[in-house]
Structures are given as C-alpha cells and as structure tokens.
Amino acid sequence: MYLSRFLSIHALWVTVSSVMQPYPLVWGHYDVCKTQIYTEEGKVWDYMACQPESTDMTKYLKVKLDPPDITCGDPPETFCAMGNPYMCNNECDASTPELAHPPELMFDFEGRHPSTFWQSATWKEYPKPLQVNITLSWSKTIELTDNIVITFESGRPDQMILEKSLDYGRTWQPYQYYATDCLDAFHMDPKSVKDLSQHTVLEIICTEEYSTGYMTNSKIIHFEIKDRFAFFAGPWLRNMASLYGQLDTTKKLRDFFTVTDLRIRLLRPAVGEIFVDELHLARYFYAISDIKVHGRCKCNLHATVCVYDNSKLTCECEHNTTGPDCGKCKKNYQGRPWSPGSYLPIPKGTANTCIPSISSIGTPPKFNRIWPNISSLEVSNPKQVAPKLALSTVSSVQVANHKRECYCNPLGSVHDRCNGSGFCECKTGTTGPKCDECLPGNSWHYGCQRANVYSLPSMCSEFISQTQQLVRPCSPGTSRCCSQVPSSQV
Ligand SMILES: [Ca+2]
C-alpha cells in the first residue's frame with residue numbers, strides 16, 4: 001500500500017523532470033557526446049566520450065522490505081526511549097498517518113523538524129533475532145559517485161551488512177560490514193577505509209566507526225565512495241584524470257562502484273549495553289530517517305542523458321549504439337565490434353563510435369557478440385538471408401542464458417563461469433562484466449588482442465571464414481569486403 005503511494009509520488013516527480021541535471025565540471029567534462037567542427041571537407045561531427053550527470057538516485061529506486069510485515073504499527077504498539085526504558089510515550093500506528101512510519105519516509109525530503117522516518121516493530125520476540133533486509137533496486141546498472149549515507153533515528157545497529165548486486169538481485173556481494181565488535185560479530189579485524197591504499201582499495205572491511213550505539217550523538221552510517229576515489233584523485237578529488245584513467249583500465253575498480261541493487265541487512269539493533277534488557281524490549285528497534293545514494297546511469301560513455309520513463313531508467317544512446325546501457329551497436333552500424341567509450345585522453349575521451357556496416361555485402365556478423373562454434377550453426381547456403389537471422393537469434397539466446405546462469409564470454413575470460421564472488425575473471429586486454437569488451441588499444445578478434453595484432457582488414461577475412469561468402473578484402477590494407485566475382489563490380 002505504502003509502496004504504491006510512494007511510486008505514484010515518484011511518477012509525478014518524474015513527469016516534471018525526466019532528464020537529469022548536468023554534473024559539475026569539477027568532475028571532468030564528458031557532458032557532450034558530439035559537436036560539429038569545420039574541416040577541409042566541411043562541417044563534420046566530432047565524437048567524444050560522454051556520460052550522464054550524477055544525481056540523487058533514490059528518486060528512481062524501488063524499495064522492498066523483508067520480512068514484508070516488519071514495519072511497526074500493525075497492530076499499533078508503543079516504543080520506549082533507548083536511554084530510559086520508562087519513557088514509553090511514542091506510539092506507532094499504521095492506520096493513522098500522523099503515527100505511521102512507512103518505508104517511503106526513508107526517501108522523502110528531509111530538512112524539516114522533526115525528521116520523518118521508517119520504523120520496524122520492536123524486539124518483542126527476543127531472543128529470536130530481529131533482522132530486516134532493506135533492498136533498493138534500480139533495474140539498471142548505475143555507477144555510484146558519492147558516499148552512501150544512512151541516517152538512523154534509532155541507535156545505529158550493533159550489526160549490519162551493506163551488500164550490492166550487479167545482476168538485478170540474483171547474486172549479492174558484501175560491500176561493507178558494520179559492528180560494535182567486528183571480531184565477535186563477523187570474525188573480522190576492525191578497519192577504517194583510511195587504513196586502505198590504492199592497492200587494497202577493493203578490500204571488503206568491517207568497521208566499528210559507525211556502531212557506537214546511543215552513547216554518541218551521531219546517527220549516520222557512511223559507505224565511503226569518495227574516500228576510495230581519493231586514493232587516485234587526491235584528498236580534494238582534484239585529479240579526476242588519474243581516477244578516470246584507473247577506471248578506464250581496471251575493470252574490477254569500475255565494477256566496484258557499479259550496482260543494480262543495494263541491500264541493507266540489519267542484523268542486530270542497537271542495545272547500548274552488554275546485555276539485552278528483557279523486561280523492556282520495546283526499547284529495541286530500527287528506525288531510519290534518510291538514505292542518500294548518488295550516482296549516474298551506466299551508459300558505457302555513449303550517452304549524456306538517462307531517461308526515467310514507465311518506472312524504468314534507460315540511457316539515450318549516441319554514437320550509433322543502443323540497448324539500456326548502450327551496450328551494443330545499432331543495426332546496420334556493426335562495421336567494427338562494439339566497445340565502450342574511453343575516458344582517455346582527458347578531457348574529451350574517445351567515443352569509439354559504431355560505424356556503418358560494410359555496405360557492399362550488407363550487415364556483417366557482430367564479432368564481439370558471437371560465441372564459439374559458429375561453424376556448428378550449419379550455414380547451408382551462405383548466400384541466403386536466413387543464415388544471418390540464425391546468427392542473430394543464437395547470439396541473443398546465448399546472451400540471455402549467460403545472464404541467467406552467470407556465464408562469462410569464453411573467449412574473453414579465464415573461466416567460462418563467474419567465480420565465487422559472481423564476477424568474470426577477464427583475460428589481459430579484456431574488460432566488462434562478462435569479459436566481452438576490449439580495453440583501449442585492443443580490438444576484438446576471438447578475444448581482445450592488441451590493436452596491431454588485429455588489424456581492420458582481418459575483419460573481412462573473419463567474415464569470409466564465418467559465412468563462406470565469396471568475398472575478399474577490396475584492396476590490401478582496407479576493411480571493406482568486395483564480391484569476388486564479377487571483379488568489375490568491385
Ligand atoms: Ca525522512
């Protein structure tokens with residue numbers, strides 16, 4: 001009930017502003033995909049790497065609680081102050097708007113007093129653990145650009161795990177552990193992000209910094225994105241070129257800041273004392289007044305605009321790319337394998353625009369999306385149109401399977417399945433969630449090869465071998481394919 005009301009508020013907001021606002025220039029440029037320039041040949045397009053601006057991503061999420069009936073107020077109950085078990089004059093009643101604490105109050109506009117907040121039922125079933133999962137879903141890959149900040153209205157939990165998913169909630173990895181006692185709760189030594197370095201930036205740590213119960217005034221828990229950026233960009237994030245360079249070349253680093261979902265696992269509420277006071281269990285509960293998540297749509301550096309339409313985020317792809325993340329070339333623009341844009345060279349980057357397909361023979365196969373055993377597709381008559389359809393059908397089915405079962409591109413990754421953490425381990429020169437993208441300076445040719453190994457003319461040779469068409473490179477050193485006969489039409 002609350003969720004639907006929450007979403008309708010979102011829908012209203014979205015109609016007012018479906019396009020996000022520009023990102024401050026201090027974070028680099030990349031806010032234009034192309035511009036017209038004058039050359040000797042006249043006006044032409046100059047293409048650049050581009051990305052949507054960072055924005056408040058809580059406007060576009062769906063929230064789910066587990067257990068679903070964990071919110072307080074049904075039936076109504078009173079709860080007590082943590083510091084004084086006899087101060088029990090607060091009431092939660094889901095049927096009275098003034099006394100209800102539904103989940104959407106974690107994402108409404110804060111700034112007025114008192115705060116509005118979501119609240120769980122109290123720990124009346126102690127010693128059964130009081131545990132709540134709060135899942136935030138975007139149904140879209142997003143890149144985090146600022147700290148995740150969770151503000152508690154209750155004491156900060158004694159034990160909590162922040163988790164992330166890169167595959168729409170199918171698999172989860174821990175992002176950070178939080179506990180009053182990391183060793184006791186998670187068998188981990190307590191650490192702070194400041195203990196990390198460039199080399200250990202991806203380490204998953206347990207921190208005790210944010211779990212000091214009700215004894216301190218602070219109510220906030222951070223997941224420190226900016227501190228991790230600072231290992232590359234400096235303490236004031238002025239050297240973003242360095243960070244972007246690292247993001248460009250290190251898939252694991254880029255993936256670290258990329259999510260489709262976040263999950264806050266509240267495992268044990270603030271107790272504030274060594275023992276739980278079983279006579280006053282109405283003191284123990286979770287309450288959250290605000291969650292901040294800043295990020296941008298992941299569009300592979302092929303879009304500056306991300307549109308929220310029909311409860312869905314989609315990149316408005318440029319550079320002749322298409323797909324929700326601009327992850328492939330448009331039809332008839334598959335003249336070379338798709339690849340993401342590159343932040344390098346700073347500040348304009350490289351667009352890696354998809355180019356028109358080789359015109360003399362129609363649409364060539366998509367080399368970067370084709371999986372092995374092409375020859376087993378039994379292309380009986382290569383001159384017919386049907387084999388091309390068969391190729392594209394098989395390709396999309398395989399991509400779908402690979403998403404569901406966590407396959408990696410067998411040519412681009414060390415293993416053809418994800419590792420225990422749900423990630424594909426890419427070979428040298430290869431990147432992307434499924435190891436089917438090439439790092440700058442590499443091109444796809446049965447895996448990523450240094451550019452000088454895979455020169456454009458071989459695309460035509462590959463086309464010939466895969467389709468058995470009677471074609472050949474038009475001339476040495478070109479990528480165009482020409483019919484072998486009659487030569488007069490070449
Ligand atoms: Ca609030």
Subset of the stretch 116-127 (residues that are within 14 Å of the ligand (Cβ to nearest atom) and among the polar types (S, T, N, Q)): 116, 119
Neighbours by Cβ (under 7 Å, 6+ apart or cross-chain): first from the stretch 37-50, within 13 Å of residue 354 (Cα to Cα); second small (Gly, Ala, Ser): 47/351; 48/349; 48/351; 49/341; 49/342; 49/349; 49/351
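For the stretch 30-75, name all the residues that are at positive phi and either of a type in the set (Asp, Glu) or in the same structural domain as residue 225 (by TED's automatic domain parsing) (or both).
The answer is 73, and nothing else.
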Strands (runs of 3 or more DSSP E) wholly inside the stretch 75-167 that include at least 1 residues being under 27 Å from the mean Cα position of the chain (by Cα): 132-144, 148-152, 159-165
The stretch 58-88: number of residues that are among the aliphatic types (A, V, I, L, M), touching a Phe, Trp or Tyr at 6+ places or on another chain (Cβ under 7 Å) and at pLDDT 95 or above: 1
Subset of the stretch 219-236 that is part of a loop (DSSP other than H, G, I, E, B) and in contact (Cβ under 8 Å) with a residue 60 or more places away in the chain - its residue that is farthest from residue 189 (Cα to Cα): 219
In the stretch 287-309, the residues that are small (Gly, Ala, Ser) and more than 19 Å from residue 65 (Cβ to Cβ): 295, 303
Number of the exception - residue 51 against (1) within 16 Å of the ligand (Cβ to nearest atom); (2) within 30 Å of residue 340 (Cα to Cα); (3) in contact with a Lys or Arg (Cβ under 8 Å, 6 or more places away or on another chain): (1)
Residue within the stretch 103-123 that is over 20 Å from residue 151 (Cβ atoms) and acidic (Asp, Glu) present: no
Subset of the stretch 82-115 that is of a type in the set (A, V, I, L, M) and surrounded by fewer than 16 Cβ atoms within 10 Å (Cβ to Cβ) - its residue that is nearest to the ligand (Cβ to nearest atom): 99
Search result, residues across the stretch 412-436 that are under 19 Å from the mean Cα position of the chain (by Cα), assigned to a strand (DSSP E or B) and farther than 19 Å from residue 257 by Cβ: 430
Close pairs from the stretch 244-273: first closer than 30 Å to residue 128 by Cα, partner assigned to a strand (DSSP E or B) and of a type in the set (Gly, Ala, Ser), Cβ under 7 Å, at least 6 apart: 261/137; 261/165
Residues satisfying the stated conditions in the stretch 206-218, i.e. modelled with pLDDT of 90 or more and not in a strand (DSSP E or B): 208, 209, 210
Which listed residue is closer than 19 Å to residue 59 by Cα, buried (at least 23 other Cβ atoms within 10 Å of the Cβ) and out of contact with any helix residue (DSSP H, G or I) (no Cβ under 8 Å at 6 or more places or on another chain), from 315, 326: 315
Candidates 333, 284, 308, filtered to the one that is touching a Ser or Thr at 6+ places or on another chain (Cβ under 7 Å) and free of Cβ contacts under 8 Å to residues at least 40 places away in the same chain: 333
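The values are calculated or read from the model by the stated rules, or taken from the named source; none is laboratory data. This is a predicted model, so every value here is computed, not measured. Using ideal geometry, Cβ is built from the backbone for each residue, glycine included, and neighbour counts are taken over all protein chains shown.
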